[in-house]
Amino acid sequence: MNRSSRHQNAGKSAGKGAESESALIVAAHGRHYVVERADHSHLHAFPRGKKSDAAVGDHVRIELAAADQGVITAIEPRKNLLHRSDQFKSKLLAANIDQVIIVLATEPSFSEDLLGRALVSAEALDIRPLVILNKTDLTARLDDARRRLKLYQDLGYDTLELSVNSRPEEALAALQPRTAGVSSIMIGQSGMGKSSMLNLLIPGVEAQTREISAKLDSGKHTTTFTRLYHLPETWAVVDGKPGYLIDSPGFQEFGLHHLSEGMLERAFPEFRERLTDCRFYNCHHINEPGCGVLGAIEGGDISPRRHELYTQLLHESRQQKPW
Ligand code: GDP
């Protein structure tokens, strides 16, 4: 933040002279946030209203409510906002993301459903995905994992094979150029190696984690929350732009009820060029005659696995959403 962006928030706090300042949200748990101020110190913060619609990665305006507490008064315009949602609720994952890193492993076996959903969520927001297959040292399951990943490589997705534990230097050399100067979120089931990757990329990250957790806890123990970490300035700053790595708690389900049908069909890159082949302009690509997508499946150009995922996501998208 530069000095000129500090200003008197005269409109909202007339008379009180409360000063507002820019901050970055680095952790979120319900209505509890930790924000990073311009001097890099951390502060516990709350949203002003009941709703907490700020996410990790958001640039916000805060006012000091006490020496150790801030109030979030506004969210700066954001580039994008990554969600997940089911029929009951919609959860904010992170904002202002440049790259979604999907972390998979040879063992335990990764969920292809989760991989497909993470790719769709990135595509829907036009965010670049990077697929990582970790634990390639566990060779018994390597061929199987590669076989399952081939479909995604053929679709053009950048996939990277790593062994964070047994070949850390190689992993670091591959990850540094891909994470420098951008904000990445890691997504994956637990046990895939996300924490190991975080430790590799950010030596001493435990101290950062402890400090943020202490701010967030305020007495109670919370372990599952999304956090933003600074990648080391020695290699991650590109043209003055820092590299951020966002760690989200491992999850099994990645509901995408919030995506519309129009967003869905475009989030499958292999469908896109077929959409103009459909006989009906409002084709749903489920069972319509003369459908370009179904034709490509019959011709072997689109995988039935991907179409199954599309059908399931379309079904979810049509559910009622109380949120
Ligand atoms: P997370 O739940 O995704 O954060 O996964 P962790 O980083 O905690 O890793 C889960 C387990 O896999 C730990 O016991 C790690 O030591 C192990 N692990 C991580 N990377 C590798 C790897 O490259 N090879 C092997 N064999 N094990 C790994």
Next on the checklist: No partner Cβ under 4.7 angstrom, meaning no disulfide-compatible partner by this rule: which Cys of the chain qualify?
Outcome noted: Cys291
Next on the checklist: With the crude spin-label approximation of a point 7 Å out along Cα→Cβ, what separation in nm comes out for Arg147 versus Leu275?
Outcome noted: 3.4 nm
Checklist outcome for this item: Listed by chain and number, the residues whose amide H is under 5 Å from that of Ile302, excluding neighbours fewer than 5 places away on the same chain and using placed H, are Ile297
Checklist outcome for this item: Longest principal axis of the chain (C-alpha) makes with the long axis of helix 112-124 (C-alpha) an angle, in degrees to the nearest 10, of 70 degrees
Checklist outcome for this item: At the level of C-alpha centres, the distance separating the stretch 280-323 and the stretch 241-259, in angstrom, is 25 Å
Checklist entry - What number, in percent, do you get for the relative contact order of the stretch 120-270 if the mean sequence gap of Cα pairs under 8 Å and at least 6 apart is divided by its residue count? => result 30 percent
Checklist entry - Of the listed peptides 130-141, 64-75, what is their order by residue-averaged count of other C-beta atoms within 10 Å, with the highest listed first? => result 130-141, 64-75
Next on the checklist: Amide H of His258 versus every other amide H placed in the peptide plane: which residues, excluding those fewer than 5 positions away on the same chain, fall under 5 Å?
Outcome noted: Ser85
Checklist entry - Of the beta bridges DSSP finds with both residues in the chain, what % are antiparallel, to the nearest 5? => result 60 percent
Checklist entry - Which order do peptides 228-235, 149-156 fall in by mean Cβ count within 10 Å, highest first? => result 228-235, 149-156
Item to check | Estimated vicinal HN-Hα couplings, Hz - the stretch 306-317 in sequence order (Karplus 6.51, -1.76, 1.60; Gly, Pro = x) | outcome: 6, 5, 4, 5, 4, 4, 5, 5, 5, 4, 5, 5
Checklist outcome for this item: Computed, not fitted: 222 nm per-residue ellipticity of the chain from DSSP H runs ≥ 4 (each -39500 (n - 2.57)), nearest 500, equal to -8500 deg cm²/dmol
Item to check | Virtual spin-label span in nm between Thr159 and Asp126, 7 Å along Cα→Cβ | outcome: 2.7 nm
Checklist outcome for this item: Expressed in angstrom, Rg and Dmax over the Cα atoms of the stretch 5-149 are 19.9, 69
Checklist entry - Looking at the square roots a ≥ b ≥ c of the eigenvalues of the Cα gyration tensor of the chain, which shape do they give, rounded for a/c under 1.5, prolate if a/b is larger than b/c, or oblate? => result oblate
Checklist outcome for this item: For the chain, the per residue accessible area (1.4 Å probe, Å²) is 48 Å²
Checklist outcome for this item: Rounded to 0.05, the calculated FRET efficiency for the beta carbons of Glu169 and Arg305 at R₀ = 30 Å is 0.25
Checklist entry - Along the stretch 152-165, what does the Karplus equation 6.51 cos²θ - 1.76 cosθ + 1.60 (θ = phi - 60°) give for ³J(HN,Hα), rounded to whole Hz, x for Gly and Pro? => result 6, 5, 5, 7, x, 6, 5, 10, 10, 9, 9, 10, 4, 7
Item to check | Kirkwood-based shape ratio for the stretch 138-216, expressed as Rg/Rh from alpha carbons | outcome: 1.02
Item to check | 5 angstrom amide H check on Ile187, placed H, neighbours 5+ away | outcome: Ile101, Ile102, Val103
Checklist outcome for this item: Longest principal axis of the chain (C-alpha) makes with the long axis of helix 168-179 (C-alpha) an angle, in degrees to the nearest 10, of 80 degrees
Item to check | the chain, relative contact order in percent, only Cα pairs under 8 angstrom and at least six apart counted | outcome: 17 percent
Item to check | Choice from Ala45, Ala296, Ala28 with maximal GNM fluctuation in the chain (Cα, 10 Å cutoff) | outcome: Ala296
Item to check | 3J(HN,Hα) from dihedral phi, the stretch 74-86, Karplus parametrisation 6.51/-1.76/1.60, rounded to Hz, x for glycine, proline | outcome: 7, 10, 5, x, 10, 6, 6, 9, 8, 10, 9, 7, 10
Checklist entry - Among Gly191, Gly49, Gly57, which one moves the most in a GNM of the chain with springs linking Cα atoms closer than 10 Å? => result Gly49
Checklist entry - Given the Cα-Cα distance of Ala66 and Ala207 and 0.36 nm per residue of separation, how much length would full extension add, in nm? => result 48.3 nm
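The values are calculated or read from the model by the stated rules, or taken from the named source; none is laboratory data. Just so it is clear, the model here is predicted, and its values are computed rather than measured. Don't worry about glycine lacking a Cβ; one is built from the backbone with ideal geometry, like all the others, and counts go over all protein chains shown. Side chains are part of the model used for accessible areas, which takes the heavy atoms of the whole protein and leaves out ligands, DNA and RNA. Shrake-Rupley method; radii C 1.70, N 1.55, O 1.52, S 1.80 Å.
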